[in-house]
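Read through the structure below, which is laid out as structure tokens, and then see the notes.
The values are calculated or read from the model by the stated rules, or taken from the named source; none is laboratory data. Just so it is clear, the model here is predicted, and its values are computed rather than measured. Positions of Cβ are generated from backbone atoms using ideal geometry, with glycine treated the same way; all protein chains shown enter the neighbour counts.
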Amino acid sequence: MRIAEYTSFDAVGLAGLVADGEVTPAELEAVAREAAQAVDPQLNAIVETWPTDDAPSPGSTPLAGVPFLIKDIGVAMAGRRMELGSRLAAGLVAGADSSLMRRLRRAGLVTFGRTTTPEMAYSITTEPVLYGPTRNPWDLRRSAGGSSGGAGAAVAAGVVPIAHATDAAGSIRVPASCTGLFGLKPTRGRISMGPDVDEVFSGLAVHGSVSRTVRDSAALLDRISGPEPGDPYSAQQPSRPYAQEVARHPGSLRIGVLTQAWGGRRTTTSVADALARTVRLLESLGHQVEEAEVDLGVGWEEFVLANARLMAANLTAMVDELAAALGRPADPSTLEPGTLTSYHYGRQVSGAQFVAAFAVRNRVARSLARYFDAYDTLLTPTLPELPPLLNTYTEGGETLDGLGWIDRLLDRSPFTAAFNIAGTPAMSVPLTTDTATGLPIGMQFAARYGREDRLFRLAGQLEQANPWSHRTPAVWAGNTPGH
């Protein structure tokens, strides 16, 4: 199989070829490695690849035999390094598979490498000191987003059709928007974080994926969702597989639109125009769309403060554990400025302040839940602006304290974090592009707790009405000469 043919299929399509005996998993893996060699020198999206000994049974699952990449944080693969994008954790090797890794193996995926992440996944751009910046395949001067920027760049460039991602404040949806992919953040409790941790960033973080087609994300979620013994949260399992929901008609939905974000950052003209085009598309499909004023239940400053306290306190515990285990100091020799200042900020968060932040989380969740009584989904731009140039977020980071760092990140991605706080599912859909530059623009749809089924139905309808898979970036493995 040539790379150009390989990149013309999504994951479900590739698995179908394997099931029919037209290609073997080993052949697919070899082509995926060729694709990585062709584009990654320009992107820097993949930390490393490794030999595999996976031998999935063809046709055993809808994804059996598909090449796959995991993010360098959150999922442990026995005998492989997980360095969290940080000099502090450089060389750290996992002793056993995490619950998610076991499920990825059972899904028949052939995991042959890991993708880049910002240090400790603590940014919405992927520019770690340890690996260097990951570049956007649509424009190499720009960020691929974060914290799943390596996954976004690798999938968008055709290395793999789908890759593992995580999301604590937008880290699936932001890179999906920046790189023109579909990315769904599942409901809190949908996918186990176990067994070594019960939750990450106090329940803000979840596992998921980025993909080029809706059905791929649905098929993967079917294979990896569900609780493990001892999990603190457990979302009710769906009545039918998500893969079936993609083809089901969503009905006429009531959709509330939020054009301007909480916090004051204005949506740029190009993104507002893309949102208006999305509204017209939705109306043409029979949905009832109207402007909505959505109250978070707390002021923006209080929202940012609660996020900073929850995230920094969790970060501090993570850093202390790594420093003790590896015998390394938590100082400028091991941590980047934004991480280090957040680490020191987290040490100052009192127990009472931490509990108060949970009270804010509760108020936001209760407030947003009321809007899902009035609307089936809420629609926002995923980001208020086009993918930023590299160094936009990191420049001057050494002058910020831990609160200032989170304030900067949430200011630049103000639409996404509320749904992490609330624990509700939300997806970024690559419905349109900027008319001037051709850069992708993602649209975010959110639904009430546990209603990924509704989002998959809507996403499937939108993909049929306004396909995006034919749009490929400037750096695309399928364009490799002679392959």
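Points worth noting:
- Filter result for ASP97 (of a type in the set (Asp, Glu), without any contact (Cβ under 8 Å) to a residue 40 or more places away in the chain, touching an Asp or Glu at 6+ places or on another chain (Cβ under 7 Å) and closer than 26 Å to TYR233 by Cβ): no
Quick grid of which residues meet (1) in contact with a Leu (Cβ under 8 Å, 6 or more places away or on another chain); (2) at pLDDT below 95; (3) crowded, with 24+ Cβ neighbours inside 10 Å:
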| residue | (1), (2), (3) |
| --- | --- |
| GLU385 | no, no, no |
| THR392 | no, yes, no |
| THR399 | no, yes, no |
| ILE406 | no, no, yes |
| ASP411 | no, no, no |
| PHE419 | yes, no, yes |
| ALA426 | yes, no, yes |
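- Any hit, the range 364-377, residues being surrounded by 20 or more Cβ atoms within 10 Å (Cβ to Cβ), of a type outside the set (Phe, Trp, Tyr), touching a residue at least 60 places away in the same chain (Cβ under 8 Å) and out of contact with any helix residue (DSSP H, G or I) (no Cβ under 7 Å at 6 or more places or on another chain): no
- Among the residues making up the range 334-363, those that are surrounded by 22 or more Cβ atoms within 10 Å (Cβ to Cβ), polar (S, T, N, Q) and part of a helix (DSSP H, G or I) are THR339, SER342.
Residues are listed down the side, and each one gets a yes or a no for (1) touching a helix residue (DSSP H, G or I) at 6+ places or on another chain (Cβ under 6 Å); (2) modelled with pLDDT under 95; (3) within 30 Å of LEU340 (Cβ to Cβ); (4) outside any loop (DSSP other than H, G, I, E, B):
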| position | (1), (2), (3), (4) |
| --- | --- |
| GLY59 | yes, yes, no, no |
| ILE70 | no, no, yes, yes |
| ILE73 | yes, no, yes, no |
| LEU88 | yes, no, yes, yes |
| ARG114 | no, no, yes, yes |
| THR117 | no, no, yes, no |
| ILE124 | yes, no, yes, no |
| GLY132 | no, no, yes, no |
| ARG141 | no, no, yes, yes |
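- Helices (runs of 4 or more DSSP H) fully within the range 154-266 counting 3 or more residues that are more than 24 Å from SER143 (Cα to Cα) and in contact (Cβ under 8 Å) with a residue 40 or more places away in the chain: 214-224, 242-245
- Of residues in the range 298-319 being within 15 Å of VAL349 (Cα to Cα) and surrounded by fewer than 19 Cβ atoms within 10 Å (Cβ to Cβ), the one farthest from the chain's Cα centre (by Cα): GLU302
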